[in-house]
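The values are calculated or read from the model by the stated rules, or taken from the named source; none is laboratory data. It should be emphasised that the depicted structure is a prediction, and the values quoted were computed from it without experimental measurement. Methodologically, a virtual Cβ is constructed for each residue, glycine included, from the backbone with ideal geometry; neighbour enumeration extends over all protein chains shown. Surface accessibility is based on the protein's heavy atoms, side chains included, excluding ligands, DNA and RNA. Shrake-Rupley method; radii C 1.70, N 1.55, O 1.52, S 1.80 Å.
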Amino acid sequence: MFEVNSASELYSTVYLHDRTTDSYVTVVPERGGIITGIQIGDRQLLYLDRERFANPELSVRGGIPILFPICGNLPGDRYVWKGQEYTLPQHGFGRNLPWTVVSSSTEGAASLTLTLTHTPETLTVYPFQFELKFTYRWAGTSLIVEQQFHNHSADVMPMSIGFHPYYSVGDKELLQFDIPTQNYVDRANDVRAEFLGTWDTDLAEIDAAFEPIERGQPLVAAVSDGDRRVNLRADPYFRHLVFWTVKEKPFYCLEPWSAPRDAINSGTDLLLLDSGATLNTTLSLEFQIHQA
């Protein structure tokens, strides 16, 4: 029923395959541990800018990038921790570094486990010794991402965590949303408003951060696109949801974040992991496709 296969392509690629549903997830460990595709039958559900993907000097625009140790951008790409100034690019470095494959399995799902650890280079911009372990599990038409964050530093480690899924879309006018909060701030258009269920797709860009959900509650949201529905569920650490799209690009993003932009400076919903501690959390994406 389940298979895990590897191939040498532009980058070393791993395929998590469920033969029963004729579906698979594509993972590229060396490009930020990123999921680059989710395909059910002949339907590709994720968008990927292949030109950017082919250039290792550029961040990937597409797939499901991993956000760590910050979500969003910082003013001037700078933050201050304990009186020392550091520099981090937008969304941090987790999505740009090579991850290491630890194991794979076909027991109950097609799964792959990856790790990312600190390096001399990361320590210059983020002075913490860490180990991340992510397991992707694909079964049926559902993806589960199990995440472990370990702090091997002597001090508390500040961090924000998140994902940046790029969903492919044909007609954005067909998008329908089930969002757990009502109000949002659209940075791209300087708008603060109540979400009424649809977006103005004539805008050049939409970058809307929703108000945080109630503390202690799981993040549950859904998007329908004609015959497709994506159900998102994340543990209570993920209190924030961001919608982003660009006009005339066939994608939209619905991003679960643990904290808003600049949390490492403001402290808003910043996760503080004690020395020697481990944080475990889970994200699930269920894809439903209705045949005509």
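A count restricted to region 237-249 and to residues that are open to solvent by 60 Å² or more (accessible area, probe 1.4 Å) and closer than 25 Å to I206 by Cβ stands at 3. Consider region 262-292 and keep the residues that are of a type in the set (A, V, I, L, M) and modelled with pLDDT under 95. The one that is most open to solvent (accessible area, probe 1.4 Å) is A292. For region 258-284, the set of residues classified as of a type in the set (A, V, I, L, M, F, W, C) and within 21 Å of W244 (Cα to Cα) consists of A259, A263, L283, listed by residue number.
When restricted to residues that are without any contact (Cβ under 8 Å) to a residue 60 or more places away in the chain, part of a loop (DSSP other than H, G, I, E, B) and within 13 Å of W99 (Cβ to Cβ), region 12-41 contains 0.
The strands (runs of 3 or more DSSP E) located wholly in region 241-292 that include 2 or more residues which are farther than 17 Å from I64 by Cα and out of contact with any Pro (no Cβ under 6 Å at 6 or more places or on another chain) occupy 271-273, 278-289.
When every residue of region 168-187 is checked against the conditions, at least one turns out to be closer than 30 Å to T106 by Cβ and either modelled with pLDDT of 95 or more or part of a loop (DSSP other than H, G, I, E, B) (or both). Checked against the criterion of being out of contact with any His (no Cβ under 9 Å at 6 or more places or on another chain), touching a residue at least 12 places away in the same chain (Cβ under 8 Å) and within 30 Å of M157 (Cβ to Cβ), region 62-69 contains one or more residues that satisfy it.
Just to be sure before I move on: is W138 aromatic (F, W, Y) and at pLDDT below 95 in the structure I sent? The answer is no for W138. Looking at T124, T87, just one residue is surrounded by fewer than 18 Cβ atoms within 10 Å (Cβ to Cβ), touching an Asp or Glu at 6+ places or on another chain (Cβ under 8 Å) and more than 30 Å from E3 (Cβ to Cβ), and that residue is T87.
Scanning region 139-149 for residues that are open to solvent by 30 Å² or more (accessible area, probe 1.4 Å) and part of a strand (DSSP E or B), which turns out farthest from R19 (Cα to Cα)? Among residues in region 139-149 that are open to solvent by 30 Å² or more (accessible area, probe 1.4 Å) and part of a strand (DSSP E or B), the one farthest from R19 (Cα to Cα) is Q148.
For every residue, the table says whether it meets (1) open to solvent by less than 60 Å² (accessible area, probe 1.4 Å); (2) more than 27 Å from Y252 (Cα to Cα); (3) more than 16 Å from the chain's Cα centre (by Cα); (4) not hydrophobic (A, V, I, L, M, F, W, C).
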site	(1), (2), (3), (4)
R137	no, no, no, yes
P158	yes, yes, yes, yes
H164	yes, no, no, yes
L175	yes, no, yes, no
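If the condition is being surrounded by fewer than 19 Cβ atoms within 10 Å (Cβ to Cβ) and not in a strand (DSSP E or B), then region 98-121 contributes P98, T106, E107, G108, H118, T119, P120, E121.
When A221 is tested against (1) part of a strand (DSSP E or B); (2) without any contact (Cβ under 8 Å) to a residue 24 or more places away in the chain; (3) open to solvent by less than 50 Å² (accessible area, probe 1.4 Å), exactly one condition is not met: (2).
Residues A208, A204, A259, A234: which one is more than 20 Å from the chain's Cα centre (by Cα) and either among the aliphatic types (A, V, I, L, M) or open to solvent by 50 Å² or more (accessible area, probe 1.4 Å) (or both)? Working first, answer last.
On the way: A208 fails: more than 20 Å from the chain's Cα centre (by Cα); A259 fails: more than 20 Å from the chain's Cα centre (by Cα); A234 fails: more than 20 Å from the chain's Cα centre (by Cα).
When all the criteria are applied, what remains is A204.
Based on this model, can you work out whether F93 counts as among the hydrophobic types (A, V, I, L, M, F, W, C), in contact with a helix residue (DSSP H, G or I) (Cβ under 7 Å, 6 or more places away or on another chain), closer than 19 Å to L279 by Cβ and without any contact (Cβ under 8 Å) to a residue 60 or more places away in the chain? Considered against the rule, which asks whether it is among the hydrophobic types (A, V, I, L, M, F, W, C), in contact with a helix residue (DSSP H, G or I) (Cβ under 7 Å, 6 or more places away or on another chain), closer than 19 Å to L279 by Cβ and without any contact (Cβ under 8 Å) to a residue 60 or more places away in the chain, F93 comes out as yes.
Any residue at all in region 42-61 that is open to solvent by less than 50 Å² (accessible area, probe 1.4 Å), among the β-branched types (V, I, T) and free of Cβ contacts under 8 Å to residues at least 24 places away in the same chain? Checked region 42-61: no residue is open to solvent by less than 50 Å² (accessible area, probe 1.4 Å), among the β-branched types (V, I, T) and free of Cβ contacts under 8 Å to residues at least 24 places away in the same chain.
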